[in-house]
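No value in this document is a laboratory result; all are computed from the given coordinates. Bear in mind that the values here come from a model prediction, so they are computed numbers and not experimental data. Positions of Cβ are generated from backbone atoms using ideal geometry, with glycine treated the same way; all protein chains shown enter the neighbour counts.
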Amino acid sequence: MSDTLHHSDEDNISRSNAAESEMAHRDADPPTPSQEEREPTASEDPPDAPGIDNPRSITAPNEAEAETEAHALASPGSAGSLEVVLDVTYDLEAYLEEFSRLARKGRFEAAVALFHACPPDLRMHPECALDFVDALSRQGAYGALADFAAGEGARLMARLRGCGAAPVQYVRCVFELGRWRVCGAVDGSWREGVEAGDARSQLRANFERLDSVQVQLLCNLMQLDSEVERSTKRHRASTREAEMIMGSSSDWHGLYKHLLSTNRIWDMRDLFHALYSRYGVADAIKLSLDDQKRVIPSGALGSDNSDLNGWFRFVLDWTQCFPRDESTDFALLDLLVTMSLQLLSHGRENAEAIKKIIAQAMTHANHFAISLSLGNPENVQTSPYLKWALAHQRLARELPINVRRTPSYAYLARAAGIVIWNSNLPIFVPVGSVHDRGRVTWEKQSRTTSEHLLHLGLSAARKNGDYVLAAQYWEEMFYTSDAPLDVLGQLSRLQRDVQGDGVGCLRTCLTKYLCVSDETSMEELSHELQEQDHRDSESESTWSIDPVTRWCQRAIQSALSHHLGRALQTGAFLEEEERAYEELPCDFKRLLEDVKTGKDDRGSRVDADNLDGNLSERSAEFGMGTLYRDGNFIICDSSGYFSRVSAMMSFEGGGDA
């Protein structure tokens, strides 16, 4: 990202190409700035020097006199002062290169320490500050990010205004994404103003030649745009920033080719991650690797069901066009693992075509992981490698070699409620009359690999300060733990006390409803959710969780109060549940009503562009989020899994890389 910002000489920072090559082999120790000391200049500086308006402007007439005066001032008992001027230059590129190396390996604890060890003027240099803000977001340190925005945010914005519209909007997006995790929702005000319009215009005008900051801005726009829609129920036409920026799939292919030609593999990794999350794996591959001129439909991208060959062509692109290096292997490993996990469905059997794609992706990933571990044994402690290890643990649980050990959710399918996946953890929500709302007890799943490997991975992620990855390890432990409530308790403490992740903490608490089986545990969960409400009401910032999570919370609270025999609380929570229901997106209501009425359309998908007229005018608004129903399971999933199971492409001619 550092190559895209240009500044005046006022920053007094020199760049050294020689230091850059040196830093490529250096470990986590901060680089030492080079200092050049001028000849000291002495001047008398009495407390009240009569007749002298500016005593610091007085200099010694010659070097001999200056040296004599300096010795006199340095003598014990001297009342004068000595001014020493140091001309200090810092090797900015060395700092940036080392910081980037640490962040890409997921060693966020060391990266943050390096930033704070920088000299003050270097810390607030735009390039350093942007990398630091980006690292906090990737680390999952949302509370620290919010604190930085409140403390240094205005100063950073002021310094960025001379660097163009894109850096300013990029930082605003990152701050807003952090605020969303802390406070629960975004209001969309970040997109208003001249600078926001200028940044979007620059993206449209130069889409196939975006620089690093612009690519990151585009990725954040896609993520933030989705959250605005889910939180505010705004019509998609008013918020689909990403679709407004480009017009056809060839634009995305042109951008991909530009990143390839300039060897910007980490920008490619980030772009693929954003596309995976927003449109699904199939469409991400289609947009990036398909060079045919094709207008993107106004509705879901999945409506274009043409076959695609060469899922893994990007692996060949990046390994054959450039000499193999460690950085490329890390990026491709991270990308392939994310791709595999994104394709896994929740709560239903995965199609054979999906299993084959996952197997191929993990075969490629295994090659890079082995290469990295052999090249440097310390690489097994990096986040990309730990993600790969975690993926193997999850695949061993969800896609075991012995199909008889595949997780069964039949008991949940028979329960009087629905199961919602809006993250990696399920939330069971009882539905129907409060008197008919039964309970369901979570059943532990089996794993063919050692649980000890999960604990080792968790320990390494915590040591690195990678909070997002540590949370993912806790989530995976939940499924096979003998004490699932204890695991969820550890996870919620990480989210609340370390990350400042209010959204994640609330969702983790809601998952606990699956595991409460006695009055004591129900009492504890009820108290925990009330404490969450109390913290929200006392928060200085406005807490406005997304409608689906809020409705889940109220439904669970009303059920808990009923089971605990608290009639007054039950009535109050039922009223809040009804109000929360009115705020649900239209497509979610449609699926929910189908579950309640027992309509049998397993595996159905709601198309927000073709809703029938049965819903009231007030609920005719809809959210962007892709929702699927599988029996009484509702998956708030953006991977596009179900819509593309029947449209998997042929593997002939392009499946192998």
Query raised in the report: Ordered by packing density, taken as the mean number of other Cβ atoms within 10 Å over each peptide's residues, highest first, how do 518-528, 479-489 rank?
Result: 479-489, 518-528
Query raised in the report: If packing is taken as the mean number of other Cβ atoms within 10 Å per residue, what is the order of 362-374, 122-134, highest first?
Result: 122-134, 362-374
**Report entry** Nearest-20 debye value, the range 387-490 charge dipole, Cβ charges on Lys, Arg, Asp, Glu
**Finding:** 200 debye
Requested in this report: Rounded to whole Å and ordered largest first, report the semi-axes of the equivalent ellipsoid of the range 386-496 derived from its Cα gyration tensor (root of 5λ).
Outcome: 27, 18, 11
Report task. Taking amide H positions as placed in the peptide plane 1.01 Å from N, state which residues far from residue 416 in sequence (5 or more) or on other chains have amide H under 5 Å from it. Result -> 438
**Report entry** Cross-link reach list, lysines versus residue 286, counting only Cα pairs under 16 Å and skipping chain neighbours closer than eight places
**Finding:** 257
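Express the relative contact order of the range 470-565 as a whole percentage, based on alpha carbon pairs under 8 Å and six or more residues apart in sequence.
Numbers: 62 pairs, mean separation 20.5, N = 96.
It comes to 21 percent, rounded to a whole number.
Where does the range 440-511 land on the Kirkwood hydrodynamic radius, alpha-carbon pairs, in angstrom? Write down the numbers at each step before the final one.
Details: mean 1/r = 0.0794 Å⁻¹.
Kirkwood hydrodynamic radius for the range 440-511: 12.6 Å.
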Query raised in the report: How would you rank 215-222, 352-359, highest first, on the average number of other Cβ atoms within 10 Å across their residues?
Result: 215-222, 352-359
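With a 10 Å Cβ neighbour count serving as the proxy for reagent exposure, in which order, fewest first, do 468, 434, 548 appear? Don't jump to the answer; show the numbers that get you there.
Values: 468 20, 434 17, 548 25.
The fewest-first ordering by Cβ neighbours comes to 434, 468, 548.
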